[in-house]
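Beneath this line is the structure, given in structure tokens, with notes to follow.
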Amino acid sequence: MNLAEAKVILTGGTSGIGYETAKELKSKGAEVVICGRQEETVKKIADELGVYGIRADVSNEADIKALFEFALAKMGSFNVLINNAGLGSFSPLASTTVDQFQKTWEVNVKGLFMAGREAAKHFIENKYGNIINIGSTASLKGFANGSSYVASKFAVAGLTECWRAELRPHNVRVMQVNPSEVVTDFINKVGMQHKDTERKLKASEIAHVIISMLAMNDVGFMLDTSIWATNPWG
């Protein structure tokens, strides 16, 4: 698509991959709506990047509907949804609580589903659209202590495949990006630490991939792509 004609809804746009993607899209001439859970942060980042922003918790259906209404009011229409909002939770199976598991799914799966549903209504009506779901290499292979997160990302992959099968006849491209470890606040928020960050992926590299997928001529699309650091261990 022509990125100068892109009208984008991007969830989780105040930091990390979302922030860098919004920044890059704006530099290409796109209109962008971002959301986040902290109103002051959303306003600050929206003003900084020159994009539209609204406070929204993607796990809340009313907030999702408000996000899409806001986007229509500000941009008149939209032709891209980037489902980026997500959180992590890592613990041994035997000590994982139901609350931990459910909270991860509320954002990573339910939130993504609700945003995709609202976008699909609009895209089917307009016979055009683009959806990019931000998955993870955890949607490809499980690992110890990853029950909540890995299960949620496997679900994202399943939703992506279902939507692709349903929406291709309506000229809607449904794609998935699977980053491996990226140097963002995500790791810190789950109580872990980055090591040797110079060798790790940065959010800007993932944004580059997202932009490239969108920019491809509408006659085709990339189903999914996984991004790994070349040599993160030295």
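Of all residues in the stretch 1-46, those that are farther than 30 Å from V219 by Cα, in a loop (DSSP other than H, G, I, E, B) and in contact (Cβ under 8 Å) with a residue 60 or more places away in the chain total 1.
Considering every residue within the stretch 70-85, establish whether at least one is touching a Phe, Trp or Tyr at 6+ places or on another chain (Cβ under 9 Å), of a type in the set (D, E, K, R), in contact (Cβ under 8 Å) with a residue 12 or more places away in the chain and surrounded by 20 or more Cβ atoms within 10 Å (Cβ to Cβ). No, every residue in the stretch 70-85 fails to be touching a Phe, Trp or Tyr at 6+ places or on another chain (Cβ under 9 Å), of a type in the set (D, E, K, R), in contact (Cβ under 8 Å) with a residue 12 or more places away in the chain and surrounded by 20 or more Cβ atoms within 10 Å (Cβ to Cβ).
Filtering the stretch 119-130 for residues that are under 10 Å from K153 (Cβ atoms) and surrounded by 23 or more Cβ atoms within 10 Å (Cβ to Cβ) leaves an empty set. Here is a check on your reading of the model: is E20 under 20 Å from I134 (Cα atoms), surrounded by fewer than 21 Cβ atoms within 10 Å (Cβ to Cβ), under 18 Å from the mean Cα position of the chain (by Cα) and not hydrophobic (A, V, I, L, M, F, W, C)? For E20, the condition - under 20 Å from I134 (Cα atoms), surrounded by fewer than 21 Cβ atoms within 10 Å (Cβ to Cβ), under 18 Å from the mean Cα position of the chain (by Cα) and not hydrophobic (A, V, I, L, M, F, W, C) - is not met. Every test in (1) on the phi < 0 side of the Ramachandran plot; (2) at pLDDT 95 or above; (3) not aromatic (F, W, Y) is passed by G12 save one, and that test is (1). Comparison of N60, N108 shows that the only residue that is farther than 21 Å from T184 by Cα and in contact with a helix residue (DSSP H, G or I) (Cβ under 9 Å, 6 or more places away or on another chain) is N60.
Among the residues of the stretch 51-62, some residue qualifies, meaning at least one is in contact with a Gly (Cβ under 6 Å, 6 or more places away or on another chain), surrounded by 15 or more Cβ atoms within 10 Å (Cβ to Cβ) and β-branched (V, I, T).
Summed over the stretch 181-234, residues that are at pLDDT 95 or above, among the aliphatic types (A, V, I, L, M) and in a helix (DSSP H, G or I) total 9.
The values are calculated or read from the model by the stated rules, or taken from the named source; none is laboratory data. This is a predicted model, so every value here is computed, not measured. Positions of Cβ are generated from backbone atoms using ideal geometry, with glycine treated the same way; all protein chains shown enter the neighbour counts.
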